[in-house]
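Novice: Structure below; questions to follow.
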Amino acid sequence: MKALVVKRGREKSLKRRHPWIFSGAVERLVGEPSSGDTVEVRGSGGEVLALAAYSPASQIRARAWTFDPAQAVDAAFFRDRLAKALAFRDKLPAARHSNALRLVHGESDGLPGLVVDRYADVLVAQFLAAGVERWREEILAALAELTGCEAVFERSDADVRRLEGLEPRVGFARGNRAATRCPIVEYGLNFRVDVEGGQKTGFFLDQRENRQRVRALAAGRAVLDAFSYTGGFAISALAGGAKRVTALESSAEALEVARDNLAANPLDPSLVEFTKADVFAHLRRLRDQHARYDLIILDPPKFAPTAAQARNAARAYKDINLLAFKLLSPGGLLATFSCSGGVTAELFQSIIAGAALDAGAEAKIIERFGASADHPVALEFPEGDYLKGLLVLKS
Ligand code: SAH
């Protein structure tokens, strides 16, 4: 069998079941594997540590399918992994409150590089690594069989595909239907998901439970939802009885969907103001106008995908959080998030502490946020733990 032999001393992370084998750990190859091939990963003593998908273009040279060398990596293997991923979602409380869930979360579901989101009866799939690309047909067939969904839209257009030497692919892999406004329900609220042109797979399912928390906290408050995308937090806050809501977003396409989303719910649209603006500049404008809010949500995009960008990211996080503290009324709440893999929860908390200090605000953490349970984090794969958030009360 084709194989990848790791350098002496580099077996350690594999023994801890971490699924990535970096290029620097590779001693040599046996049998010229090509992109997506299954290889045995051997230690320097010749023992088989894992079966993995080989990816010649990527710094992550191989991703482990299994640490059991006796297991076969074939169509049945993928069907089994998918069935397990689906079974656990079926039992989640969220499955009773929403028909939009993340069904497969890559490495943490034992399927490195695969993301599958379900939006009602449409699946959206991302094949983001050479291994899942190789098994695409088998995976699509198993997904159709196990979910009963006839339409699968492929959004294999994330930047990371380029690192794997793979061309982007976007379009229906199975079935066909209107894909720019897939209707979903989340805790009784209606949203439309643009799976074709929206960000990522169209909706930020990882924030589902946090939107609910904001909804529960919003009654009677003046709310500012910064980085609103399609209005998820804004509409949740309004449903929770917010006095008024201001939503800031730079993407005109996202705002168009946000307005559709508002109209799709029995809520008073006159209480919401959607503003197309750059958050960094607009928060300054609001500060200069002495605007005040009782609840502010800051859910910016990923400023630091890896630790290398953490410094610049820290500056950006501090900037918007400092302004938010100035805009908060006494007793006001700040729900502040970071989805940067390169910023740890600890670093994030210290950035928020620095922002409060420089704003002259006294504040305390009253709750911590993470990604919803359909975005599990395998214990051996801490890289999967990207979303962190704090609920901060200003005195
Ligand atoms: N809270 C949203 C998801 C936010 S994603 C939800 O629950 O659905 C981050 C959003 O920030 C994206 O829609 C992106 O277009 C927007 N964005 C990025 N940079 C921005 C900026 N400088 N000003 C305003 N919006 C920005």
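Novice: From the list 252, 291, 304, which residue is farther than 18 Å from residue 221 by Cβ, of a type in the set (A, V, I, L, M, F, W, C), more than 9 Å from the ligand (Cβ to nearest atom) and modelled with pLDDT of 95 or more?
Specialist: 252 is the lone residue from the list that is farther than 18 Å from residue 221 by Cβ, of a type in the set (A, V, I, L, M, F, W, C), more than 9 Å from the ligand (Cβ to nearest atom) and modelled with pLDDT of 95 or more.
Novice: Among the candidates 214, 193, which residue alone is over 18 Å from residue 271 (Cβ atoms), touching a residue at least 60 places away in the same chain (Cβ under 8 Å), within 15 Å of the ligand (Cβ to nearest atom) and in contact with a Phe, Trp or Tyr (Cβ under 8 Å, 6 or more places away or on another chain)?
Specialist: Checking each option against the conditions leaves just 193.
Novice: Would you please list the contacts, defined by Cβ atoms under 8 Å and residues six or more apart or on different chains, that run from a residue in the range 23-37 that is among the acidic types (Asp, Glu) to a residue that is in a helix (DSSP H, G or I)?
Specialist: 37/134
Novice: One residue is enough: does the range 68-82 have a residue meeting the conditions more than 30 Å from residue 152 (Cβ to Cβ) and in a strand (DSSP E or B)?
Specialist: no
Novice: Which ones in the range 219-249 are within 13 Å of the ligand (Cβ to nearest atom), small (Gly, Ala, Ser) and farther than 21 Å from residue 187 by Cβ?
Specialist: 226
Novice: Keeping to the range 272-297, report how many residues are touching a residue at least 60 places away in the same chain (Cβ under 8 Å) and in a strand (DSSP E or B).
Specialist: So the count comes out to 5.
Novice: Restricting the range 273-288 to residues that are touching an Asp or Glu at 6+ places or on another chain (Cβ under 9 Å) and more than 9 Å from the ligand (Cβ to nearest atom), which is farthest from residue 319 (Cα to Cα)?
Specialist: 274
Novice: Can you name the condition, by its number, that residue 358 falls short on among (1) assigned to a helix (DSSP H, G or I); (2) in contact with a helix residue (DSSP H, G or I) (Cβ under 7 Å, 6 or more places away or on another chain); (3) surrounded by 15 or more Cβ atoms within 10 Å (Cβ to Cβ); (4) of a type outside the set (Phe, Trp, Tyr)?
Specialist: The single condition residue 358 does not satisfy is (3).
Novice: Right, something else. Here's a check for you: in the range 345-378, which residue that is closer than 21 Å to residue 205 by Cα and not small (Gly, Ala, Ser) is nearest to the ligand (Cβ to nearest atom)? Please lay out each step first, then the result.
Specialist: To start, the set of residues in the range 345-378 that are closer than 21 Å to residue 205 by Cα comprises 345, 367-378.
Okay, now just the ones that are also not small (Gly, Ala, Ser), so 367-369, 374-377.
Numbers: 367: 17, 368: 17, 369: 12, 374: 15, 375: 14, 376: 20, 377: 20 Å.
Step by step, filter the range 345-378, then rank; the result is 369.
Novice: Mind counting the residues in the range 298-311 that are within 21 Å of the chain's Cα centre (by Cα) and assigned to a helix (DSSP H, G or I)?
Specialist: Looking only at that region, the number is 4.
Novice: Can you find, within the range 114-124, the residue that is farthest from residue 148 (Cα to Cα) among those that are surrounded by 24 or more Cβ atoms within 10 Å (Cβ to Cβ) and free of Cβ contacts under 8 Å to residues at least 60 places away in the same chain?
Specialist: Taking the candidates together, the pick is 114.
Novice: Just to verify a result, which residue in the range 96-113, among those that are in contact with a Leu (Cβ under 7 Å, 6 or more places away or on another chain) and touching a residue at least 24 places away in the same chain (Cβ under 8 Å), is farthest from residue 54 (Cα to Cα)?
Specialist: My answer is 100.
Novice: Restricting the first residue to the range 223-238 and requiring it to be closer than 19 Å to residue 98 by Cα and among the small types (Gly, Ala, Ser), which pairs with a second residue that is near the ligand (Cβ under 7 Å from one of its atoms) and part of a loop (DSSP other than H, G, I, E, B) meet a Cβ separation below 6 Å and a spacing of at least six or different chains?
Specialist: Correct list of pairs: 234/228.
Novice: So residue 289 ticks every box in (1) surrounded by 22 or more Cβ atoms within 10 Å (Cβ to Cβ); (2) under 20 Å from residue 320 (Cβ atoms) but one. Which box is left unticked?
Specialist: Only one criterion in (1) surrounded by 22 or more Cβ atoms within 10 Å (Cβ to Cβ); (2) under 20 Å from residue 320 (Cβ atoms) is unmet by residue 289, namely (1).
The values are calculated or read from the model by the stated rules, or taken from the named source; none is laboratory data. Computed from a predicted structure; not experimentally measured. Note that each Cβ is placed from the backbone with ideal geometry, even for glycine, and that neighbours are counted across all protein chains shown.
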